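As structure tokens, the structure follows; a few thoughts come after it.
The values are calculated or read from the model by the stated rules, or taken from the named source; none is laboratory data. Treat the numbers as computed from the prediction; the structure is a model and nothing was measured. Glycine also receives a Cβ, built like all others from the backbone with ideal geometry; neighbour counts cover every protein chain displayed. Ligands, DNA and RNA are stripped out before the accessible areas are found, and what is left, the full protein with its side chains, is counted by its heavy atoms. Shrake-Rupley method; radii C 1.70, N 1.55, O 1.52, S 1.80 Å.
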Amino acid sequence: MKQFESFKASQLYCRKCGKSMPVRERLLLILPDKEIYDYLCTGCAESLGQREVSLAEKRLAALRGAQGRRHR
């Protein structure tokens, strides 16, 4: 299912808050082949998970964005 290839979380369950909370994404680490992001709870700033974005995914997303702007 291509629609979930670049999934980003908007809410995750926080054990500290005891409920599903909105999250913000923070760039944690840049590596030659990928970037690692940390999801932080907006209520208590607890780390709730991580997301890895490969360089290929990032380039593909940039290409899709450029094509979308061109066709409008």
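For the range 1-63, the solvent-accessible area with a 1.4 angstrom probe is 76 square angstrom per residue. Could you tell me which of rounded, prolate or oblate describes the range 7-72, using a ≥ b ≥ c as the square roots of the eigenvalues of the alpha-carbon gyration tensor, with rounded for a/c under 1.5 and, failing that, prolate when a/b is larger than b/c and oblate otherwise? It is oblate, given that a/c is not under 1.5 and a/b is not larger than b/c. Computed from backbone phi with θ = phi - 60° and the Karplus coefficients 6.51, -1.76 and 1.60, the 3J(HN,Hα) list for the range 19-32 is 7, 6, 10, x, 10, 10, 9, 10, 5, 9, 7, 10, 10, x Hz; x is used for glycine and proline. Between E46 and C41, the built amide H atoms are under 5 Å apart, and every one of these is 5 or more places off in sequence or on another chain. Rounded to whole numbers, the Karplus 3J(HN,Hα) couplings from phi for the range 47-60 are 6, 10, x, 9, 9, 10, 10, 6, 4, 5, 4, 5, 5, 5 Hz, using 6.51 cos²θ - 1.76 cosθ + 1.60 with θ = phi - 60°, and x at Gly and Pro.
Accessible surface of the range 13-65, 1.4 Å probe: 55 percent of it comes from carbon and sulfur atoms. If you plug the beta carbon distance of K19 and E52 into 1/(1 + (r/R0)^6) with R0 = 35 Å, you get a FRET efficiency near 0.85. Only lysines eight or more places from K8 in sequence, or on another chain, were considered; those with a Cα closer than 17 Å are K34, K58.
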